[in-house]
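One structure is given below, encoded as structure tokens.
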Amino acid sequence: MGDPLGVLAASTGFDWDEGNAQKIWDRHRVRAGECEEAFFNEPFLVAWDQKHSDREPRYYALGQTDGGRELFLVFTIRGELVRVISARDMSRRERRVYGRAKEEADSGVQE
């Protein structure tokens, strides 16, 4: 599947389906704008979701909003646009993984 960050680097924006954006809000109280913010804040951890990539390549990511809300996101790339499929608050396990990545990023900045 290649480098997921490389796939993102070639993206030019977001593609939102109103029904899907509403579903994410109804189920998890995550706004489309919060999802977008997570793609631009560090650290942003992304990996290919092989299990759910039958019809199209899907990726999952851990990131945070400008306000510090930690999100788990599922997305695909359609053309040059990122299409968020799902978003929710991170689980306890995901927060631990993300916390370690934040610590590593912080220690790298200090050196």
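The values are calculated or read from the model by the stated rules, or taken from the named source; none is laboratory data. Everything quoted here is computed from the prediction, not taken from an experiment. We place every Cβ from the backbone using ideal geometry, glycine too, and count neighbours over all the protein chains shown.
Would you check if Phe14 is surrounded by fewer than 17 Cβ atoms within 10 Å (Cβ to Cβ) and of a type in the set (Phe, Trp, Tyr)?
When the stated conditions are applied, Phe14 passes them.
Of all residues in region 54-67, how many are more than 14 Å from the chain's Cα centre (by Cα) and either within 16 Å of Phe39 (Cα to Cα) or in a strand (DSSP E or B) (or both)?
1
Please identify the pairs in which a residue from region 54-66 that is touching a residue at least 40 places away in the same chain (Cβ under 8 Å) has its Cβ atom under 9 Å from the Cβ atom of a residue that is among the hydroxyl-bearing types (Ser, Thr, Tyr) and in a strand (DSSP E or B), counting only partners at least 6 apart or on another chain.
Pro57/Thr76; Tyr59/Thr76
Looking at region 73-111 only, could you name the residues that are in contact with an Asp or Glu (Cβ under 8 Å, 6 or more places away or on another chain) and among the aromatic types (Phe, Trp, Tyr)?
Matches in region 73-111: Tyr98 only.
Return the residue satisfying two criteria in turn: it lies in region 46-61 and is surrounded by fewer than 17 Cβ atoms within 10 Å (Cβ to Cβ) and touching a helix residue (DSSP H, G or I) at 6+ places or on another chain (Cβ under 7 Å), and of such residues it is modelled with the lowest pLDDT.
Out of the qualifying residues, it is Trp48.
In region 26-44, which residue that is free of Cβ contacts under 8 Å to residues at least 12 places away in the same chain and on the phi < 0 side of the Ramachandran plot is surrounded by the fewest Cβ atoms within 10 Å (Cβ to Cβ)?
That would be Asp26.
Looking at this structure, is Leu8 in a strand (DSSP E or B), touching a residue at least 24 places away in the same chain (Cβ under 8 Å) and within 12 Å of the chain's Cα centre (by Cα)?
Answer is no for this residue.
Pull up region 70-97, narrow it to residues that are small (Gly, Ala, Ser) and not in a strand (DSSP E or B), then point me to the one that is surrounded by the most Cβ atoms within 10 Å (Cβ to Cβ).
Taking the candidates together, the pick is Ser91.
Going by what's in this entry, would Asp26 be described as charged (D, E, K, R), outside any helix (DSSP H, G or I), over 20 Å from Lys102 (Cα atoms) and out of contact with any helix residue (DSSP H, G or I) (no Cβ under 6 Å at 6 or more places or on another chain)?
Spelling it out, it is not the case that Asp26 is charged (D, E, K, R), outside any helix (DSSP H, G or I), over 20 Å from Lys102 (Cα atoms) and out of contact with any helix residue (DSSP H, G or I) (no Cβ under 6 Å at 6 or more places or on another chain).
Determine whether region 44-52 contains at least one residue that is closer than 21 Å to Ala9 by Cα, part of a loop (DSSP other than H, G, I, E, B) and within 10 Å of the chain's Cα centre (by Cα).
yes
Could you say which residue among Gly6, Gly2, Gly19 is modelled with pLDDT of 90 or more, exposed (fewer than 11 other Cβ atoms within 10 Å of the Cβ), farther than 13 Å from Arg88 by Cβ and not aliphatic (A, V, I, L, M)?
Gly19
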